[in-house]
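Here the structure comes first, spelled out in structure tokens, and everything after it is commentary.
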Amino acid sequence: MIQVENLEFQYPGNDSPTLKGLNFEIDKGEVFGFLGPSGAGKSTTQKVLYKILNGYRGSVWIDGKDLSGWDNTYFGKIGVGFELPNHYLKLTGRENMDLFASFYPDGRKQKVEELFEMVDLQEALNKRVEAYSKGMKMRLNFIRAIQHNPDILFLDEPTAGLDPVNAHKIKQHILDLKAAGKTIFVTTHNMNTADEICDRVSFIVDGELKTTDSPQKLKSQYGKEAIRVELKDGRMEEFPLDKLGENTAFLTFIKQAEVKHIQTLEASLEEVFIQITGKSLVS
Amino acid sequence: MKKILRLALIDFKIIFRDPSLRVFLVLPVILFVLIVWLVPYLVAKYEFLVPYLSLMLVGAVIENTQMYSFISSMVLIDEKETNVAKTYGVVPLTKRQYILSRMLIPYLFTVALNVILFWVQPFFTIGWGTNLILSLLAGLVVPVYVLAINAIAENRMQGMVYVKAFNLLVLVPIVAFFVPDNFKHLFGIFPTHWVFQSVNNATLGLPFGWLAAIGFLFFGVLLWWVSKLFIRKHFV
């Protein structure tokens with residue numbers, strides 16, 4: 001669905017390029033994550049892909065067609081959820097949604113009431129957005145991005161500013177959209193979000209992609225396929241996961257005293273990121 | 001067309017719901033009260049004001065353009081500051097359609113205000129054709145002003161500073177009325193000079209067509225240029 005080859009972009013006035021030859025592909029129905037610290041080039045990549053930034057080098061193909069060859073119909077095909085809330089504060093949630101829906105040839109594909117209900121904003125439908133909290137505005141961002149039923153979604157930090165309950169709901173909606181065949185490009189520095197929703201992730205640092213793979217493979221590759229067992233008497237041992245149920249050393253060990261703790265030694269996505277890039281995601 | 005009108009109507013909602021903008025809608029009323037009642041009263045009482053009637057009308061015409069210049073500038077700056085402008089970069093609306101939708105109503109509204117002003121002012125006889133040409137020309141101040149301010153201002157505070165500066169700039173060509181005739185067109189580097197001179201000549205019964213033509217051309221080129229600058233900056 002999306003193919004990017006040798007993508008380079010330099011902002012006017014900057015000494016060096018922000019994107020330095022990115023290569024990646026996103027398949028139809030895939031949730032693809034860009035993980036990286038602030039300033040790594042995540043949002044710039046998305047801006048190139050949704051045609052806000054021109055003057056890039058390299059090639060970008062969307063649905064088999066060169067990005068530069070797409071006219072305004074492209075914007076009917078994509079939906080963009082911005083990192084920060086951006087709505088007319090003096091208008092109500094419904095008025096904001098209606099305004100932007102009116103620009104699409106086929107308008108909105110779902111009732112506005114249903115969209116608001118989907119993200120628990122039904123009470124706020126006719127309230128001015130100036131009365132919304134940041135989390136409510138972010139949820140409004142999300143439903144505005146999907147209201148015209150786009151094939152491709154660009155979501156920039158989709159769970160930023162949300163409480164855990166609403167963050168979970170948004171993640172579930174993203175997975176529902178994936179199940180409906182949507183292609184979703186997520187940028188985030190929240191590795192939990194990436195781990196939970198992405199089929200594959202790319203690590204981007206200083207405008208360069210360091211690796212691309214599924215979170216599960218990366219965690220296995222850079223962690224240990226083993227468990228650590230801690231007994232209440234303080235003894236601790238590690239055992240390989242392979243044929244754990246037949247491992248007599250393990251079975252003997254856990255019978256020696258009450259088990260206090262068992263944990264897998266699989267690396268977290270953040271640990272993998274630090275190992276590969278030498279940098280932290282949170283900056 | 002539907003898209004364009006939709007956005008234009010939304011602007012009205014935003015203006016009416018923002019007390020800091022709504023208050024500016026009474027400016028033309030004040031201006032009309034001055035021109036229809038106060039100035040005639042003063043002119044009747046102080047005869048030395050008579051030679052300045054044309055200049056007063058020029059001032060009123062340009063002040064008519066300032067209401068929407070300010071309001072629209074603030075609406076668009078606010079849109080940029082709240083990042084709503086970015087959303088327009090990713091919807092099926094061309095940048096030209098966007099500019100047309102945001103500028104058409106302010107322009108037509110300002111033209112209408114000036115048509116009414118030329119009609120109700122009691123000092124000169126101005127025919128409908130002349131009235132319309134002068135009003136269409138003066139109205140062009142609004143889109144040029146708004147797009148220029150928004151091409152350079154990053155936020156409301158900067159916008160206010162530029163508004164002050166632009167308010168001064170549009171009035172500078174008034175000085176041309178106080179210099180010898182040979183030098184007056186030196187002020188032609190300011191686009192409003194051609195509006196002022198056109199209105200002045202029309203009120204004095206002198207030919208004004210060539211002055212208006214230069215004005216339309218000047219504003220046309222400026223509009224094309226500031227639109228390009230605006231498009232480059234507003235949606236990113």
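Over the stretch A:224-265, with a single point scatterer placed on each C-alpha, what log10 of the ratio I(q)/I(0) does the Debye formula yield at q = 0.16, 0.31 1/Å?
Per q value, in the given order, log10 I(q)/I(0) is -0.34, -1.15.
Starting from the exponent 0.38 and prefactor 2.2 Å, build the expected Rg for the stretch A:97-169 from its residue count and divide its actual Cα Rg by it.
Normalised by 2.2 N^0.38 Å, the Cα Rg of the stretch A:97-169 equals 1.08.
Choose one answer from A:Y56, A:Y74, A:Y88: the residue with the largest mean-square fluctuation in a GNM of chain A with alpha-carbon springs under 10 Å.
Per the Cα network of chain A with a 10 Å cutoff, A:Y88 tops the list.
Throw me the Rg/Rh for chain A, computed over C-alpha atoms with Kirkwood Rh, two decimals.
Taking Rh as the inverse mean 1/r over Cα pairs, Rg/Rh reads 1.06.
Could you size up the charge dipole of chain B around its Cα centre, putting +1 on the beta carbon of Lys and Arg and -1 on that of Asp and Glu, and report it in debye to the nearest 20?
900 debye
Counting just the Cα atoms, what span does the stretch B:2-234 cover along each of its three principal axes? Round to the nearest Å and put the largest first.
The Cα atoms of the stretch B:2-234 stretch 58, 36, 33 Å along the principal axes, largest first.
Taking Cα atoms of the stretch B:1-134, Rg/Rh with Kirkwood Rh, to two decimals?
That ratio equals 1.08.
Compute the long axis of helix A:134-146 from its Cα atoms, compare it with the longest principal axis of the Cα atoms of chain A, and write down the angle in degrees, 0 to 90, nearest 10.
Between the helix axis and the principal axis of chain A, the angle is about 70 degrees.
For a test of understanding, tell me how many lysine pairs in the stretch B:2-234 have Cα atoms under 26 Å apart, given they are 8 or more places apart or on different chains.
The number of close lysine pairs in the stretch B:2-234 is 29.
Compute the length gained on full extension between A:L125 and A:D213: take 0.36 nm times their separation in residues and subtract their Cα-Cα distance, giving the result in nm to one decimal.
27.7 nm
Return the distance in nm (one decimal) between the two label points of a simple spin-label model at A:H168 and B:F48, each offset 7 Å from Cα along Cα→Cβ.
According to this spin-label approximation, the distance is 8.3 nm.
Which residue, A:K243, A:K178, A:K224, has the most motion in a Gaussian network model of chain A that connects Cα atoms within less than 10 Å?
Residue with maximal mean-square fluctuation among A:K243, A:K178, A:K224: A:K243.
How much space per residue, in cubic angstrom, does the convex hull of the C-alpha atoms of the stretch A:144-205 take up?
Cα convex hull per residue, to the nearest whole number: 90 Å³.
Counting only other residues whose beta carbon sits under 13 Å from that of B:R102, what net charge do I get with K and R as +1, D and E as -1?
+2
Taking loop as defined by DSSP and a crowding limit of 15 other beta carbons within 10 Å, which chymotrypsin sites (Phe, Trp or Tyr not before Pro) in the stretch B:19-96 fit?
Passing both the DSSP loop test and the Cβ count: B:Y46.
Relative to 2.2 N^0.38 Å, what does the C-alpha radius of gyration of the stretch A:40-149 come to as a ratio? Two decimals please.
Its radius of gyration relative to the 2.2 N^0.38 Å reference: 1.18.
Could you give the nm distance between label points at A:A179 and A:E246, where each point is 7 Å from its Cα heading toward the beta carbon?
3.7 nm
If you take the beta carbon distance between A:N6 and B:H185 as r and set R0 to 45 Å, what does 1/(1 + (r/R0)^6) give as a FRET efficiency, to the nearest 0.05?
That pair, A:N6 with B:H185, gives E of 0.25.
In the stretch A:84-128, which trypsin sites (Lys or Arg not before Pro) are in a loop and have at most 10 other Cβ atoms within 10 Å, using DSSP for the loop call?
A:K111
Could you give the semi-axes, largest first, of the ellipsoid that matches the stretch A:4-96, computed as the square roots of 5 times the alpha carbon gyration tensor eigenvalues and rounded to whole Å?
They are 25, 18, 14 Å, listed largest first.
Would you mind counting up the charge near A:A179? Only other residues with Cβ under 15 Å from its Cβ, with Lys and Arg at +1 and Asp and Glu at -1.
Overall, the nearby charge balance is -2.
In whole Å, what are the extents of the protein assembly as shown along the principal axes defined by its C-alpha atoms, from largest to smallest?
Ordered largest first, the protein assembly as shown gives principal extents of 115, 47, 42 Å.
What are the DSSP H helices in chain B that stretch 27 Å or more along their long axis, judged by alpha-carbon atoms, and whose average Kyte-Doolittle hydropathy comes to at least 1.0?
Helices meeting the span and hydropathy rule in chain B are B:95-120, B:209-234.
Computed from the coordinates by the stated procedures, all read-outs in this text should not be read as laboratory data. Owing to the predicted nature of the structure, the values given are computational and were not obtained by experimental measurement. Note that each Cβ is placed from the backbone with ideal geometry, even for glycine, and that neighbours are counted across all protein chains shown.
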